[in-house]
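Just so it is clear, none of the values below were taken in a lab; they were calculated from the coordinates. All of these numbers come straight from a predicted model, not from anything done at the bench. Backbone-built Cβ (ideal geometry, glycine too); neighbour counts: all protein chains shown.
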Amino acid sequence: MSERLQVYRCTACGSMSAVLRGGAGTLACCGIPMTIHQDTQLETHLVGEVPPMEHNLTLSAKAIIRLLQTRVADHTSYFGIQTLKNPLDFWVYQELIWELKPDVIVEIGNAYGGSALALAHLLDRIGKGIVLAVDIQHDTFTGTARAHPRIQLITSDACAAIDTVRASIQEGDTVLIIEDSAHTYDNTINVLNAYAPLVSPGSYFIIEDSHCWHGLDYGPIPGAYEAIADFLANHPEFISDRARESFFLTFNPTGFLKRIP
Ligand SMILES: C[S@@+](CC[C@H](N)C(=O)[O-])C[C@H]1O[C@@H](n2cnc3c(N)ncnc32)[C@H](O)[C@@H]1O
């Protein structure tokens, strides 16, 4: 009996076959039954398929990041709203929000509103705080997220919105910022330079998608990763807190920037 995406090998000639549809028969080659080939890397074929984990335990981190990326880009949702987040990273955001108990979360780049709604729901459980949702367009922002009382939309280019955002923050507020907009080098460094003074000491400026060309083989180059490096070289008040990458599989390598308390 074969299962979908199992890989079989012929012990006589070495040829290998991947199963596209499982069945009851016995796969054979050179007149003998083929054997299951464990831990085969299906990285170059079966694009878009998720191979069974237990038969693919030596997949490279690069292949796993690509699988995660495809899942996130294609069909990840929060409360039914499309959301472009690596759930492992979002779990870290949840941990940070519990630790920091922010008064203001600035989310730059909102798309469908799934991530803004998830942030607002976390603030609901903490019992305080607002999400300033900054995006150059909010046409795609769904009604459910739009209706949440903690979410305030600021429809503008991120850097052009800086005065509006600053005016929404009270002195002494704990401010957490998540940048998830264009991910180009220029936009990221401009957003970093404009918004960094708003991050409260001890809090974080999270820069997403620095995995482009540092895990994924596509995306802007130079991009967020290079912008973070250049920003840190000129801003000793921030450090890259790599302990926040302890799930290993992150879309934000070097991107959890902590403002030194
Ligand atoms: C990756 S999506 C955001 C995904 C969302 N945070 C989520 O997790 O589901 C990027 C968003 O950034 C917005 N964007 C792109 N360039 C921008 C800019 N310069 N200023 C503000 N928003 C921008 C786009 O309109 C788009 O909605």
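Could you order the peptides 161-170, 21-30, 84-93 from most to least packed, using the average number of other C-beta atoms within 10 Å per residue?
The most tightly packed comes first, giving 84-93, 161-170, 21-30.
The listed peptides 239-251, 213-225, ordered by packing as a protection proxy, come out as 213-225, 239-251 (highest mean of other Cβ atoms within 10 Å first).
Dipole check for segment 151-220: with +1 at the C-beta of Lys and Arg, -1 at the C-beta of Asp and Glu, and the Cα centre as origin, the magnitude is about 140 Debye.
With the simple model of a label 7 Å out from the Cα in the direction of the Cβ, SER60 to CYS159 spans 3.6 nm.
Net charge dipole, the chain: roughly 720 debye, given to the nearest 20, about the Cα centre with Cβ charges of +1 for Lys and Arg and -1 for Asp and Glu.
Among ALA167, TYR225, TRP91, whose Cα lies farthest out toward the positive end of the dipole of the chain, if unit charges sit on the beta carbon of Lys, Arg (+1) and Asp, Glu (-1)? Value: TRP91. Shape of segment 81-259 from the C-alpha gyration tensor: rounded (a/c under 1.5, with a ≥ b ≥ c the square roots of its eigenvalues).
Taking the chain as the reference, fit the longest principal axis to its C-alpha atoms, fit the long axis of helix 224-234 to the helix C-alpha atoms, and give the angle between the two in degrees, 0 to 90, nearest 10. The helix 224-234 is inclined about 40 degrees to the chain.
Stokes-Einstein diffusion of segment 22-145 at 20 °C, 1.002 mPa s viscosity, Kirkwood radius from Cα pairs, rounded to a whole number: 121 µm²/s. Relative to the longest principal axis of the Cα atoms of the chain, the long axis of helix 61-75 lies at roughly 70 degrees.
I'd like to know which of VAL199, VAL72, SER115 lies farthest towards the positive end of the charge dipole of the chain, counting +1 on Cβ of Lys and Arg and -1 on Cβ of Asp and Glu. Positive-most Cα among the choices belongs to VAL72.
Between helix 185-195 and the chain there is an angle of about 40 degrees, using the helix long axis and the longest principal axis of the Cα atoms.
Listed by chain and number, the lysines whose C-alpha is less than 25 Å from the C-alpha of LYS258, apart from same-chain residues fewer than 8 away, are LYS85, LYS101, LYS128. Set Lys and Arg Cβ to +1 and Asp and Glu Cβ to -1, take the dipole of the chain about its Cα centre, and tell me which of LEU257, GLN137, LEU59 lies farthest positive. Of the candidates, LEU59 comes out farthest on the positive side.
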